[in-house]
Amino acid sequence: MFGHVGASPPLRKRHRIKRRHVGSTDHLGAQQPRFTRRRLNSTQRLASSFLRALISRAASKSPAFAFLSLAATASISQKTLHRFSVIELAEFVDLTPWHRFGFIAANAAILDAVEGYSSVHIVDLSLTHCMQIPTLIDSMANKLHKQPPPLLKLTVIASDAEFHPPPLLGISYEELGSKLVNFATTRNVAMEFRIISSSYSDGLSSLIEQLRIDPFVFNEALVVNCHMMLHYIPDEILTSNPLRSVFLKELRDLNPTIVTLIDEDSDFTSTNFISRLRQWYEADISWKIDNVVAKEGAERVERLEPKSRWLERMREAKFTGVGFGETAMTEVKTMLEEHATGWGMKKDVDDDNDVERFVLTWKGHSVMFASAWAPPN
């Protein structure tokens, strides 16, 4: 009586979509390994990384795409990432203003803040494994009025996290520390190097505890240099405990002489996949592409926040903004002139604080910011 009952139009439409997508991804799964084996240019390698990340995401989200799991395992891992020698890493950092922008701004602010101290303790929370420090040592030796230069104590973090974000270093931190101490000696700067085991996943709690129990040293400046690493502390989406804000407030309680905060001006904290993609500015490392696109939950450690949120967190922790001098601005502009057209710098002031910050731009888009902070007088 009813005749042949077929699928309703919406169901047929969904069925066609599913079949079409499975066919497409099946083709991608078959082609992707061959695609990635070819000799590719930079743009094609980025496209390949993005494709692998999308395949990995699809395989993890739906049983219909489980057949892509083998292709998903081709995602970038630490085992496939290059480990840099110190010289290679220095050359890598010099390729673009991406890191040098923050180095120059932070070093200028640090140099101004430590004038007159007999000892300077720097806690270096840096993505680039102390590549900022040799230039700072040079500046301490040549630009500080106090001679001989103050004793330099450098503390770095050995994270117990399973994944350390690239770039990766091909030598141990012990060996790196030895090289830095030897370099400082050639500049007539006495230096001590210390490694503390701590994890960004718990808000660097063991680092804070160690700094609390460090013996008091008369006329010593405490400097905390945060260069593109604080966004690896889990945000409120992952935990009800606001670890980023807790860390900054605990840091404030240590009464540091200055805190430098340099990070990307992006928002990767959204739970919405499409929203994160819109905020993604040509990430230049395949590991980051894979982490942003393919991973969720605790596995997605790339959780950048926009500049406005970091400034809010610093103020909530009772820090006050510190401006950059004309020398810092001149040095940053000179550095940018060495690189391709498209890079630029602008000053940034908001309604809550008239202290200027530096913003690195690419073709007019803000991509990174540099700021300096201190406890109120």
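Okay, here's what the table says:
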{"quantity": "Solvent-accessible area of residue 195 with every protein chain in place, 1.4 Å probe, in Å² to the nearest 10", "calculated": "60 Å²"}
{"quantity": "Gain on full stretching of the segment that runs from residue 147 to residue 85 - 0.36 nm per residue minus C-alpha separation", "calculated": "19.0 nm"}
{"quantity": "Cβ-based net charge around residue 88, under 15 Å, with every Lys or Arg adding one and every Asp or Glu removing one", "calculated": "-1"}
{"quantity": "Accessible-area ranking of 100, 244, 212, largest first, probe 1.4 Å", "calculated": "212, 100, 244"}
{"quantity": "324, 319, ranked by accessible area, largest first (probe 1.4 Å)", "calculated": "324, 319"}
{"quantity": "The range 309-358, relative contact order [Cα under 8 Å, separation at least 6], %", "calculated": "35 percent"}
{"quantity": "Residue 307 accessible area, 1.4 Å probe, all protein chains in place, Å² to nearest 10", "calculated": "30 Å²"}
{"quantity": "Solvent accessible area, Å² - residue 183, 1.4 Å probe, full protein context", "calculated": "60 Å²"}
{"quantity": "For the range 324-377, the spread of Cα positions along each principal axis, largest first, Å", "calculated": "41, 22, 13"}
{"quantity": "Residue 309-residue 202 FRET efficiency (beta carbon distance; Förster radius 22 Å; 0.05 resolution)", "calculated": "0.60"}
{"quantity": "Net charge of Cβ neighbours under 15 Å - reference residue 153; Lys, Arg +1; Asp, Glu -1", "calculated": "-3"}
{"quantity": "FRET efficiency, 1/(1 + (r/R0)^6) with R0 22 Å, evaluated for residue 241 and residue 320 via beta carbons", "calculated": "0.30"}
{"quantity": "log10 of Debye I(q)/I(0), alpha-carbon scatterers only, for the range 167-270 at 0.11, 0.20, 0.24 Å⁻¹", "calculated": "-0.45, -1.29, -1.45"}
{"quantity": "When each of 333/363; 143/363; 143/333; 143/179; 179/249 is checked by Cα-Cα distance, pairs over 25 Å", "calculated": "143/363; 179/249"}
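The values are calculated or read from the model by the stated rules, or taken from the named source; none is laboratory data. All of these numbers come straight from a predicted model, not from anything done at the bench. Every residue, glycine among them, receives a Cβ derived from its backbone with ideal geometry; neighbour counts consider all protein chains shown. Calculation scope for accessible area: heavy atoms of the full protein, side chains included, ligands and nucleic acids excluded. Shrake-Rupley method; radii C 1.70, N 1.55, O 1.52, S 1.80 Å.
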